[in-house]
1. Where residues in the range 20-36 are under 23 Å from L130 (Cβ atoms) and in contact (Cβ under 8 Å) with a residue 24 or more places away in the chain, which of them is most open to solvent (accessible area, probe 1.4 Å)?
2. When you scan the range 135-157, how many residues do you find that are of a type outside the set (V, I, T) and open to solvent by less than 50 Å² (accessible area, probe 1.4 Å)?
3. Scanning for something over 21 Å from R114 (Cβ atoms) and part of a helix (DSSP H, G or I), does the range 12-29 turn up at least one residue?
4. Suppose we keep only residues that are of a type in the set (S, T, N, Q) and open to solvent by 60 Å² or more (accessible area, probe 1.4 Å) within the range 52-90. Which one would you say is farthest from N145 (Cα to Cα)?
5. Against the condition of a type in the set (D, E) and assigned to a helix (DSSP H, G or I), how does D32 come out, does it pass?
6. Would you check if I49 is modelled with pLDDT of 95 or more, open to solvent by 20 Å² or more (accessible area, probe 1.4 Å) and in a strand (DSSP E or B)?
7. Taking only pairs six or more apart or across chains, which ones have beta-carbon atoms under 7 Å, a first residue in the range 128-144 that is in contact (Cβ under 8 Å) with a residue 24 or more places away in the chain, and a second residue that is of a type in the set (S, T, N, Q)?
8. Condition first: outside any helix (DSSP H, G or I) and modelled with pLDDT of 75 or more. Now tell me which residues in the range 66-108 satisfy that.
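The values are calculated or read from the model by the stated rules, or taken from the named source; none is laboratory data. This one's a predicted model, so the numbers in the text were calculated from it and none came from an experiment. Positions of Cβ are backbone-derived with ideal geometry, glycine not excepted, and every protein chain shown enters the neighbour counts. Each accessible area value is taken on the protein alone, full model and side chains, heavy atoms only, with ligands, DNA and RNA left out. Shrake-Rupley method; radii C 1.70, N 1.55, O 1.52, S 1.80 Å.
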Amino acid sequence: MANYIRVFEEGHSYFITVVTDKRRAILIENIDLLRKSFQLSMKSYSYVIDAIVILPDHFHMIITPQRSNEYPKIISHIKRSFLYGLGEEFKNECKIQISSSQYKRQVSGVWQKRFYEHTIRNEKDLYLHLDYILQNPVKHGYVENADHWKYSSFYTS
């Protein structure tokens, strides 16, 4: 596998996708913990969440970090905080479902190891990704109207 090089462009925003291991549907049932994980990361790193949608097994967001080279650290912090906040029983259940080679590589069984990121290049790119975030709950069949998804920054009650 070739080494992946992330792009760090000062003053840019980033579209990010983070997925649970084996697409386990654990995020909504642990939404308070996930929110707390975001709050904790914001105490350590300076960034703005421009848009976000949380689905049961993944989330998409656009963030604008004060320092571009910190976005991988932000994601790592969120993932670690969430993992540490889970109960021991749940963490042990996840570990049972990982292979011995994954265990040796310290795979948690909660998150996929990598995350996807895309540097927002211009206003058109921004609007395309904002629309992707908005429509994602519809795409996955959770709601018919995008603004009805409770776990989205586009939610309207």
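1. Restricting to residues being under 23 Å from L130 (Cβ atoms) and in contact (Cβ under 8 Å) with a residue 24 or more places away in the chain, the top hit is I28.
2. Residues of the range 135-157 of a type outside the set (V, I, T): 135-137, 139-142, 144-155, 157.
Right, trim to open to solvent by less than 50 Å² (accessible area, probe 1.4 Å) and you get 136-137, 146, 149, 151-152.
Of the residues in that region, 6 qualify.
3. yes
4. N69
5. Details: of a type in the set (D, E): yes; assigned to a helix (DSSP H, G or I): yes.
For D32, the condition - of a type in the set (D, E) and assigned to a helix (DSSP H, G or I) - is met.
6. Working: modelled with pLDDT of 95 or more: yes; open to solvent by 20 Å² or more (accessible area, probe 1.4 Å): yes; in a strand (DSSP E or B): yes.
It is true that I49 is modelled with pLDDT of 95 or more, open to solvent by 20 Å² or more (accessible area, probe 1.4 Å) and in a strand (DSSP E or B).
7. Once the first residue is in contact (Cβ under 8 Å) with a residue 24 or more places away in the chain and sits in the range 128-144, its partners that are of a type in the set (S, T, N, Q) give P137/S152.
8. If the condition is that a residue be outside any helix (DSSP H, G or I) and modelled with pLDDT of 75 or more, then Q66, R67, L86 are the ones that fit.
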